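Report on the following structure.
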Amino acid sequence: MKRPPRPNAYRDHWSGELGPDDEGSEVRVAGWVHRRRDHGNLVFVDLRDRSGLVQLVFHPETAPAAHAAAHELRSEHVVSARGRVVRRSPETVNPGLPTGAVEIAVEDLSPLAGALTPPFPLDEDGPVDETLRLRYRYLDLRRESMRQAMELRHTLIAAMRSHLGDRDFLEIETPILTRSTPEGARDFLVPARMSPGTFFALPQSPQLFKQLLMIAGYERYFQIARCFRDEDLRADRQLEFTQLDIELSFVDEDDVIDLVEGLMTHVFAVGDFTVPPAPWPRLGYDEAMLRFGSDRPDTRFGLEISDVGDAVRGSRFQVFERVLAGGGVVRAFNAGRLELSRAELDGLSAIVQRYGAKAVAPIYLADGGWRSNLEKFFDPDQIAAVNLALDAGDGDLLLFVADRAEVAAQALGALRLELADRYRLIPDGPHHPLWVVDFPMFGYDEAGDRWDPLHHPFTAPSPPAGETELSFADPGRLRSRGYDLVVDGNELGGGSIRIHTPEVQSQVFAAIGLGPDEAEARFGFLLDALRYGAPPHGGIAFGIDRIAALIAGRDSLREVIAFPKTASGSDPLTGAPAPVDARQLAELSIRTT
C-alpha cells in the first residue's frame, strides 16, 4: 500500500508500512486496537489498519493524558494516535512483524469509537463456527486470513484486467435484468411491477450478450461478471458468483487456448502459484473419463483406471459376465500397497454406491496370484493379463467395478479421489494444469427422454472423428468444440467455439427438443442477430471465486468471498431470504400459496 495521498486529522501514515527509515519522524496513525498489554507503568497497544500492525507505547512521564486514556482501551476500539517513531531495543525487536523493529511513542491519543467484546477472537485465526463467522462477517473480515484472501482476490482481478487491457480487450457490462432462458440451472426470477404476470431473470452467465457483442463487431470483450444460479450448494458453489467472461471473434480453439494460457500464466505468477510453463497438456474427454473417471481429473497422483473387460471376458465369475454381456464394462485401478481391514474394504462399496455402482470387488496380489476367494473364477492367463494391465505386483490392492461405462467411470473416479485424500497420496509437488477437450456435444437424459447439451446449446458441434459431414441424425455421435481448463482436479473455466449461423443453431435447438416456434419465442433475438452476419467466435468463462480459493489454498469458496451464503443458501448476517410485506406482493400482482 502507498501512504495516504492526503494526510488528514486521523492519519498521515499506514501502520503496517513504518520501519527503521521512519525513525525520528512524527506520524499520526489510525485503526483498531488489536491487542493491549497493560504493564502498569507502560501500556503497549498493537494498532491494526488494513496495511498491518504497529506497536504503540504509552509513557506516563512524557504523555500522561495519553497514558491515562490507554488504560481504558479494549479490543477493537477505534483510535487515532500521534507520536514519534523510535527503534525498539534489540531484545524487544519482533522479527515476525514487518514493523517489528520500531514502535510509536504516543504523545496524543484520540479515541474515536468504542466496541463491544467480539463474539470470537479477532487477533488469532483459530477455528470458529462458520455460522457465527457469517453472522458477524464484518468482524470476521478483520481477521488476518480473511484480509489476505480479499487482497489476493483483488490482486488477481487487477492482473486479469491489466493483461486483457494490454491485448485490446474492451471491458463491457451486460444486463443484470434479462429474460429467462434454459441454460442448465434454475433462474432467479424478478417480477416486473410495470408488466404484471411477467418476469425478468438474473443472468446465469452473460453468454448470449457476449455473443451479441461479437455480432456487433466489438471482437474482443471481457467482463468481471456477477452471475446467479438457483441450485443446490456445496463447498465449490454459491447462488451468486463472479466470473471472468471473455469472448473473441475470428478465432478457433487454438487461438482461445493460447490467449488463456498467457493470461493464466500471468495470474498464477501474480498469485505466487507455481505451474509448468505453457503450453499445457490436452486430454480428450473420453480418455479423461476412462483413466481418471472425471472430466476434471486430478493428475497429480496415479491410481489410473483401466478397462480390463477384455482381459476377464469369458471368466466363470457371473457378475462380470452379465455386465459385459449387457454392454457394460469392467474397470479397475491399482491402489498400491494399502493394507485395509475387512471393515475398511466393505466401506469402499459404500463410496461407489453413491454413484450408482453396486459394489467394489477388492483383490490383493500375493506370489503373482490373487489372494481372494474370487481367484477360482479366473484362469491364470486372465489373472496375468489383469496384473499386466494394472502394473500390479505382490502386495498391491486391485479395486474392480462392473457396471455401465458412465457409472463405472464416476464410481471409480470418486473412489480414486477418496483414497488419495484418506491416505495422503497427493504429493506436495508442482500443480498440474491441463485442458479437457473433445467433449460429446449431447448427453441423453433418460428421465426426460431427450438430448441435453453438455456445455450449453450455443456451443458449436463438430462431426465424429474421421468424418467431415455435420449430421444431426444421431445427436449422440456429435462432438463439441468445447474446452475446459482444469488445475489439480478443479475446473477453473470452460468455454467453446460458438455457433455462428442460424441454420446450425436451429438444428441444435431441434436436437434438444425445441421446435421452431418455441425456439423463436425464447431465442428469436439471437436467431435474428445471427441472420445479420455473425463472425466465427468463441470464448471462455472462469470462476474467479474458484481461482482465488485454489491459489489461496482454501477448501471453500466462502473463504474468498466477502459476504457469501451458507451451504443452505441463507445469509446469517442480513437474515436473507426473508418474507416481504403483503403490500409489496400486491404491487407485483403476486400471491404466495
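What to note about this one:
- Among the residues making up segment 202-216, a single one is touching a strand residue (DSSP E or B) at 6+ places or on another chain (Cβ under 8 Å) and small (Gly, Ala, Ser): SER205.
- For first residues located in segment 9-26 and at pLDDT 95 or above, partners that are outside any loop (DSSP other than H, G, I, E, B) and open to solvent by 60 Å² or more (accessible area, probe 1.4 Å) and lie 6+ apart or on another chain with Cβ distances below 6 Å form the pairs GLU23/ARG87; GLU26/ARG84.
- Yes/no for ARG48 being in a strand (DSSP E or B) and basic (Lys, Arg): yes
- Remark: pairs (first residue in segment 108-120, β-branched (Val, Ile, Thr); second residue in a loop (DSSP other than H, G, I, E, B) and exposed (fewer than 14 other Cβ atoms within 10 Å of the Cβ); Cβ separation under 9 Å; 6+ apart in sequence or on different chains) = THR117/ARG74.
- Exactly one residue out of SER589, SER570 is touching a residue at least 60 places away in the same chain (Cβ under 8 Å), farther than 17 Å from PHE458 by Cα and out of contact with any Phe, Trp or Tyr (no Cβ under 9 Å at 6 or more places or on another chain): that is SER589.
- Matching residues, segment 246-272, being crowded, with 18+ Cβ neighbours inside 10 Å and part of a loop (DSSP other than H, G, I, E, B): VAL251, GLY271
- Residue match in segment 514-537 (condition: assigned to a strand (DSSP E or B) and crowded, with 21+ Cβ neighbours inside 10 Å): yes
- Matching residues in segment 417-457 - criterion: being in a loop (DSSP other than H, G, I, E, B), in contact with a helix residue (DSSP H, G or I) (Cβ under 9 Å, 6 or more places away or on another chain) and not aromatic (Phe, Trp, Tyr): LEU425, ILE426, HIS431, ASP438, MET441, LEU454, HIS456, PRO457
- Within segment 399-429, the residues that satisfy the criterion of being open to solvent by 20 Å² or more (accessible area, probe 1.4 Å), of a type outside the set (A, V, I, L, M, F, W, C) and within 30 Å of ILE497 (Cα to Cα) are GLU406, GLN410.
- In summary, ARG554 fulfils each of the numbered conditions (1) under 28 Å from TYR138 (Cβ atoms); (2) touching a Ser or Thr at 6+ places or on another chain (Cβ under 7 Å) with the single exception of condition (2).
- Segment 477-490, subset outside any strand (DSSP E or B), touching a residue at least 24 places away in the same chain (Cβ under 8 Å) and of a type in the set (D, E, K, R), residue surrounded by the fewest Cβ atoms within 10 Å (Cβ to Cβ): ASP488
- Restricting LEU244, LEU263 to residues that are within 18 Å of ARG167 (Cα to Cα) and touching a His at 6+ places or on another chain (Cβ under 7 Å) narrows the list to LEU263.
- Residue count for segment 491-503 satisfying the condition of being open to solvent by less than 30 Å² (accessible area, probe 1.4 Å) and either charged (D, E, K, R) or not in a strand (DSSP E or B) (or both): 3.
- Number of residues in segment 469-516 that are touching a helix residue (DSSP H, G or I) at 6+ places or on another chain (Cβ under 6 Å), among the hydrophobic types (A, V, I, L, M, F, W, C) and more than 30 Å from VAL267 (Cβ to Cβ) equals 3.
- Matching option when the condition is in a helix (DSSP H, G or I), among the aromatic types (Phe, Trp, Tyr) and surrounded by 17 or more Cβ atoms within 10 Å (Cβ to Cβ), among PHE320, PHE333: PHE320
- Residues of segment 384-432 that are at pLDDT below 95 and β-branched (Val, Ile, Thr): ILE426 alone.
- The requirement of being over 34 Å from the mean Cα position of the chain (by Cα), farther than 13 Å from SER75 by Cα and surrounded by 15 or more Cβ atoms within 10 Å (Cβ to Cβ) is not satisfied by LEU134.
- Criterion violated by GLU72 - all others in (1) assigned to a strand (DSSP E or B); (2) open to solvent by 30 Å² or more (accessible area, probe 1.4 Å) satisfied: (1)
Here's the yes/no breakdown for (1) hydrophobic (A, V, I, L, M, F, W, C); (2) in contact with a Gly (Cβ under 8 Å, 6 or more places away or on another chain); (3) on the phi < 0 side of the Ramachandran plot; (4) without any contact (Cβ under 8 Å) to a residue 40 or more places away in the chain:
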residue	(1), (2), (3), (4)
ILE363	yes, no, yes, yes
ASN373	no, no, yes, yes
PHE378	yes, no, yes, no
VAL386	yes, no, yes, no
ALA402	yes, yes, yes, no
PRO433	no, no, yes, no
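- Every pair of residues 6+ apart whose Cβ atoms lie under 9 Å, when the first sits in segment 334-354 and is closer than 18 Å to ILE305 by Cα while the second is open to solvent by 70 Å² or more (accessible area, probe 1.4 Å) and of a type in the set (S, T, N, Q): VAL352/GLN410
- For segment 377-399, filtering for residues that are under 20 Å from LEU419 (Cα atoms) and among the aliphatic types (A, V, I, L, M) leaves 5.
- Tally of residues being in a helix (DSSP H, G or I) and among the small types (Gly, Ala, Ser) across segment 336-350: 4
- Members of segment 430-444 found to be open to solvent by less than 40 Å² (accessible area, probe 1.4 Å) and over 10 Å from PRO475 (Cβ atoms), listed by number: PRO433, LEU434, TRP435, VAL436, VAL437, PHE439
- Summed over segment 225-244, residues that are touching a residue at least 60 places away in the same chain (Cβ under 8 Å), not polar (S, T, N, Q) and not in a strand (DSSP E or B) total 4.
- Residues of segment 88-117 satisfying the condition of being among the charged types (D, E, K, R), outside any loop (DSSP other than H, G, I, E, B) and surrounded by 15 or more Cβ atoms within 10 Å (Cβ to Cβ): GLU103, GLU107
- Selection from segment 351-393 of residues that are within 25 Å of ALA405 (Cα to Cα), of a type outside the set (A, V, I, L, M, F, W, C) and part of a strand (DSSP E or B): PRO362, TYR364
- The residue that is surrounded by the fewest Cβ atoms within 10 Å (Cβ to Cβ), among those in segment 2-43 that are within 16 Å of HIS77 (Cα to Cα), under 42 Å from the mean Cα position of the chain (by Cα) and hydrophobic (A, V, I, L, M, F, W, C), is TRP32.
The values are calculated or read from the model by the stated rules, or taken from the named source; none is laboratory data. These numbers were taken from a predicted model, which means no experiment stands behind them. Positions of Cβ are backbone-derived with ideal geometry, glycine not excepted, and every protein chain shown enters the neighbour counts. Keep in mind that these areas ignore ligands, DNA and RNA; they rest on the heavy atoms of the full protein, side chains included. Shrake-Rupley method; radii C 1.70, N 1.55, O 1.52, S 1.80 Å.
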